[in-house]
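Please read the structure below before turning to the comments.
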Amino acid sequence: MEKVDTIAALAALAQDNRLDVFRLLVKAGPAGLAAGAVAKALKLPPNTLSFHFDRLRQAGLVTVRRESRSMIYAAQFDTMNALIGFLTENCCAGVAEECGPECAAPKSKKTRSKKHEPA
């Protein structure tokens, strides 16, 4: 991923509603969601949502396709992974053994280890 693309993606995600939209689409997976379902889930008016979808699409973070009368939006997982890769490619000078916490999805609160809590 080029630096200019990284900046565009980060700028698109640096807004509450757009970040919520993107996270919802990531959760939905490759099938995506209809614009109406996103609007309902996030309680956003359609005209506001259209603006946010456009910004995310311009940054390469989402795609859109028409299915009958619905517009289906889906996260671009390749772009998301490229962004994460760009941000972490030089982590610890490439020496994985010296890196800090693992780069992985956070554990839910219910499954977090309690080994660091006082007895």
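Say we look at region 62-89 and pick out the residues that are among the aliphatic types (A, V, I, L, M), touching a Leu at 6+ places or on another chain (Cβ under 8 Å) and under 14 Å from L13 (Cβ atoms); which of these is surrounded by the most Cβ atoms within 10 Å (Cβ to Cβ)? So, considering only residues that are among the aliphatic types (A, V, I, L, M), touching a Leu at 6+ places or on another chain (Cβ under 8 Å) and under 14 Å from L13 (Cβ atoms), the one surrounded by the most Cβ atoms within 10 Å (Cβ to Cβ) is V62. For beta carbons closer than 8 Å, sequence separation of 6+ or different chains, a first residue in region 2-19 that is within 13 Å of D54 (Cα to Cα) and at pLDDT 95 or above and a second that is of a type outside the set (A, V, I, L, M) and assigned to a loop (DSSP other than H, G, I, E, B), the qualifying pairs are A8/G60; A9/G60.
Scanning region 1-31 for residues that are farther than 14 Å from L56 by Cα and crowded, with 16+ Cβ neighbours inside 10 Å yields M1, A28. For region 1-53, a tally of residues being in contact with a Pro (Cβ under 6 Å, 6 or more places away or on another chain) and closer than 18 Å to I84 by Cα returns 0. Only a single criterion out of (1) at pLDDT below 95; (2) among the small types (G, A, S); (3) within 12 Å of the chain's Cα centre (by Cα) is not satisfied by A75, namely (1).
The values are calculated or read from the model by the stated rules, or taken from the named source; none is laboratory data. Treat the numbers as computed from the prediction; the structure is a model and nothing was measured. Every residue, glycine as well, gets a Cβ built from its backbone with ideal geometry; the counts of neighbours run over all protein chains shown.
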